[in-house]
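Each value in this text was obtained by applying a stated rule to the coordinates, not by laboratory testing. Source: prediction; values computed, not measured. We place every Cβ from the backbone using ideal geometry, glycine too, and count neighbours over all the protein chains shown.
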Number of protein chains: 2
Amino acid sequence: MKENIDKLLSNIAIMEPPLGLQDKLALARQENRKLTIKLGFDPTAPDLHLGHAVVLQKLKDFQDEGHRIVVIIGDFTAGIGDPTGRNKLRPPLTPEQINKNSQTYINQLAKVINIENIEIRKNSEWFNNMPFSNVIKLISKITLAQIMHRDDFKTRFESKAPVHLHEIIYPILQGYDSVMIDADIELGGTDQLFNNLVGRTLQEAYEKKGQIVITMPLLEGLDGIEKMSKSKNNYIGLTDNANDMYGKVMSIPDSVIINYLTLATDMEAEKQSAIVSQLELGLNPMKIKKDIAYNIVKRYHDDISAKEATEHFERVVQKRTPEEADHDVLILPKGSYITLLDLCSVALPAISRSELRRLIRSGAVRVDKSKEDDEIKNIEVIPGTLIWIGKRYKFRIGS
Amino acid sequence: MKENIDKLLSNIAIMEPPLGLQDKLALARQENRKLTIKLGFDPTAPDLHLGHAVVLQKLKDFQDEGHRIVVIIGDFTAGIGDPTGRNKLRPPLTPEQINKNSQTYINQLAKVINIENIEIRKNSEWFNNMPFSNVIKLISKITLAQIMHRDDFKTRFESKAPVHLHEIIYPILQGYDSVMIDADIELGGTDQLFNNLVGRTLQEAYEKKGQIVITMPLLEGLDGIEKMSKSKNNYIGLTDNANDMYGKVMSIPDSVIINYLTLATDMEAEKQSAIVSQLELGLNPMKIKKDIAYNIVKRYHDDISAKEATEHFERVVQKRTPEEADHDVLILPKGSYITLLDLCSVALPAISRSELRRLIRSGAVRVDKSKEDDEIKNIEVIPGTLIWIGKRYKFRIGS
């Protein structure tokens, strides 16, 4: 079991309670059953991106272990929308829109998990005909203080921004879904921690075993700073075409390469470790991003698409001739000057300057195919300039 | 119209908005209709006391003017009770209990208003089958900040005492009753100001004219300090028997005589003014309380009962012989001594001490039937001692 639990525990941001998963697995073994893993879906936002896929990957980890996967479609509240009309992003949806969005969602889900053996439940099943008296009993299980633990309510309340009362009811509905399906575990992003803990509280209030809440890290968007989201337009959609997907991955800043590697690819742990080492050794990040982009495109499309997207990127975005296709790109301030030794050192930071000096003096370095053996010669930074160091390393100054 | 509006405005503690009644009356005239006056009733507490009657009297004032009276029986929430079980005073009631309590309530209502032409509505009529989706639309009309204006929620929240979410829903239900019956005015005690203003807010949210909220002062209980309430056991119940009712009124401290006079009797305004003047002139409060007690017993029982209760009080409580029945009682520290002049001055504070001295010296004062003409003689305070001043004033030291 050791290896499996390592996989299940991988990448988790917060688990509440902290040893909950181990306990649930022990319980399941004891009761000779599989765990019920819940994932909620809001049909007002059916388009999934790599940020969502971090959670879906964890769902897949559980599915791979044979656990029961239940996806809850929050159609009840989607059908109501925002009754105040303030939130334009939440108009009430018709049953047709909800069905369409749910199908869109499931199609995207199929890109990560096997949708053949999952259960899909709509929560209108238990809410549409819930008598008002039961609503009151339900909400009585939760106190105002518990609700005010949620940061956004607290902040808005304290800053005198209106919090309409239906908003404080919505997390309770989501939590009640866990009661209805007897969830053992609920998955979500870290931004769902509060909501999903309400489920645990409610299960206990209804004298059931409380679910554990596993939250996954929020993947940064293309800007490398904000969390990936559709509204910020910094996302890579699961249905983006292969070229867009590849190009978007290539555009991420170096600071988030490791997060994309660990959270967005399905590379084996060993391969990930190897890449992290390369990065630490100073391998050109461009090369690593290409590995990541390739993996992601292959994952959401296929191998051929990934190859074609790579070629497209190199041809159109990097503007290489076929001859230059195997050159790594160096990004330097255009129009500035840099000594040959510094240039080589930027290109190969893992190689010592004395070794590079030796290589230059030995005539192993060429700039635009001409041999250069003066390590202090100033080279103008002109996009397209080729720098070859020995037979193995080929670089091109990027545009 | 002038006189009528004075009567309608009498005794009001808070009216919101402040000139609301005048505006509503003008509107009713313009639309050639009567106003709808709402009073809510909680069937968990069917026993009414003089504190409730302050509000009922105002209801009667409106009824006397021909307005439409609607009593709302809050049977929906009474049937649910306190789902947390924390509040032992709010167990869920069966429909039979609710019906029984409602009948008890209406019987008591009949002691103040004419119940023949009032409407009685149960709010289960609109809540029992309210779909959850409409519940959400309803509560979305109210913000957390509005709810937190209610002092007890705010205080409890800030002191970290639990506020369960159903509690913050209950005022909204009460408010929705106003929407359903198109209330123009809601009556209540000052402790209902917040709840009843929710009704106004909701009516406006449902694009109706907002009701005005009229709150009546809270009558002090027999202790003269706390508001009258069953839980404090300081109340005079509308169904108390005549002797108890009379005796309880006689036990109130002088400090609240005027409040009982104005809020609990149905004396004409002129008579009330006359009594207030007597009180200011120093007339023995005992005499005034007897007038008030007589009026109240007559009101909730009848004239004969009031007379009998007076006699009972004098015979049993004041322990008078028939001969002493017309004596006013002086309450003084038992076993102490007081000069004859001081004694007369306590008995008749409105008469100057020089006039009293003149009366004593002229032989017009008798103590236990013996003439006493020495104004500085010390008289021992012994219950039952009779003091006569002239032919007109007869006092007895009380026990």
* Structure fact -> the stretch B:168-292, Kirkwood Rh and Cα Rg, ratio Rg/Rh at 1.11
* In this model, which of A:122/A:160; A:100/A:230; A:230/A:271; B:60/B:232; A:88/A:232; A:122/A:232 are farther than 23 Å apart at the alpha-carbon? -> A:122/A:160; A:230/A:271; B:60/B:232; A:122/A:232
* Using θ = phi - 60° and the Karplus form 6.51 cos²θ - 1.76 cosθ + 1.60, what ³J(HN,Hα) does each residue of the stretch A:193-207 get, whole Hz, x for Gly and Pro? -> 4, 4, 4, 6, 5, 4, x, 4, 4, 5, 4, 5, 5, 8, 6
* **Residue among B:32, B:241, B:233 with the largest mean-square fluctuation in a Gaussian network model of chain B, springs linking Cα atoms under 10 Å** => B:32
* What does the charge dipole of the stretch B:1-42 about its Cα centre add up to, to the nearest 20 debye, if the Cβ of each Lys and Arg holds +1 and the Cβ of each Asp and Glu holds -1? -> 200 debye
* **Calculated from backbone phi, Karplus (6.51, -1.76, 1.60) coupling profile of the stretch A:82-94 in Hz, x at Gly/Pro** => 9, x, 7, x, 6, 8, 5, 7, 10, x, x, 9, 6
* Asked: Got the relative contact order for the stretch B:324-395 handy, in percent, Cα pairs under 8 Å and 6 or more residues apart?
  -> 39 percent
* Structure fact -> Residues whose built amide H sits under 5 Å from the amide H of residue B:93, excluding neighbours closer than 5 in sequence, are B:79, B:80, B:81
* Proximal lysines relative to residue B:209, as straight alpha-carbon distance under 18 Å, when same-chain residues fewer than 8 apart are discounted -> B:24, B:34, B:38, B:141
* Asked: Any idea what angle helix A:303-312 forms with the longest principal axis of chain A, computed on alpha-carbon atoms, 0 to 90 degrees, nearest 10?
  -> 50 degrees
* To do: Give, in nm to one decimal, the length gained when the segment between residue A:14 and residue A:350 is fully stretched (0.36 nm per residue of separation minus the Cα-Cα distance).
  => 117.4 nm
* Let me know the charge dipole size of chain A about its Cα centre in debye, to the nearest 20, where only the beta-carbon of Lys, Arg (+1) and Asp, Glu (-1) is charged. => 340 debye
* **Projected label distance in nm at residue A:106 and residue B:281, using a 7 Å step from Cα toward the beta-carbon** => 9.1 nm
* Relative to the longest principal axis of chain B, what angle (0 to 90°, nearest 10) does the C-alpha long axis of helix B:20-30 take? -> 60 degrees
* Asked: How big is the C-alpha Rg of the protein assembly as shown next to the rule-of-thumb value 2.2 N^0.38 Å, as a ratio?
  -> 1.52
* Taking springs between alpha-carbon atoms closer than 10 angstrom, which of B:135, B:179, B:213 fluctuates most in the Gaussian network model of chain B? -> B:135
* Asked: Given H placed on each backbone N at 1.01 Å, which residues far from residue A:396 in sequence or on other chains put an amide H within less than 5 Å of it?
  -> A:328, A:329, A:330, A:387
* **Residues of type lysines that residue B:394 reaches as a straight line, Cα spacing below 20 Å, ignoring anything fewer than 8 places off in the same chain** => B:287, B:289, B:290, B:319, B:334, B:369, B:371, B:377
* Taking Cα pairs under 8 Å and at least six residues apart, what relative contact order does chain A come out at, in percent? -> 14 percent
* Asked: What ³J(HN,Hα) values, in whole Hz, does the Karplus curve 6.51 cos²θ - 1.76 cosθ + 1.60 give for the stretch B:234-239 when θ = phi - 60°, with x put for Gly and Pro?
  -> 10, 10, 10, x, 5, 9
* Please list, in chain and number order, the residues 5+ apart from residue A:236 or on another chain whose amide H is under 5 Å from its amide H, with Hs placed from the backbone. => A:50, A:51
* Structure fact -> Inter-copy distances for residue B:274, label 7 Å out on the Cα-Cβ vector, sorted ascending, nm, one decimal, are 11.1
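In the protein assembly as shown, what % of DSSP beta bridges are antiparallel (nearest 5)? Write out the running numbers ahead of the final one.
Working: 36 of 76 bridges.
Antiparallel bridges make up about 45 percent of those DSSP assigns within the protein assembly as shown.
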* **Within straight-line cross-link reach of residue B:227, aspartates and glutamates at Cα separation under 13 Å, skipping those fewer than 8 residues along the same chain** => B:191
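Ranked by Cβ crowding within 10 angstrom, fewest neighbours first, how are A:330, B:343 ordered? The partial results should precede the final answer.
Details: A:330 19, B:343 28.
Going from sparsest to densest Cβ surroundings: A:330, B:343.
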* For the rotation that superimposes chain A on chain B, which residue of A has the C-beta lying nearest to the axis, and at what distance in Å? -> A:135, 3
* 5 Å binning of all Cα-Cα separations within the stretch A:284-391, expressed as whole percents from 0 upward -> 2, 11, 19, 20, 17, 12, 9, 6, 3, 1
* Asked: How big is the convex hull of the Cα atoms of chain B, per residue, in Å³?
  -> 178 Å³
* In degrees, nearest ten, helix B:95-109 long axis to first principal axis of chain B (Cα) -> 40 degrees
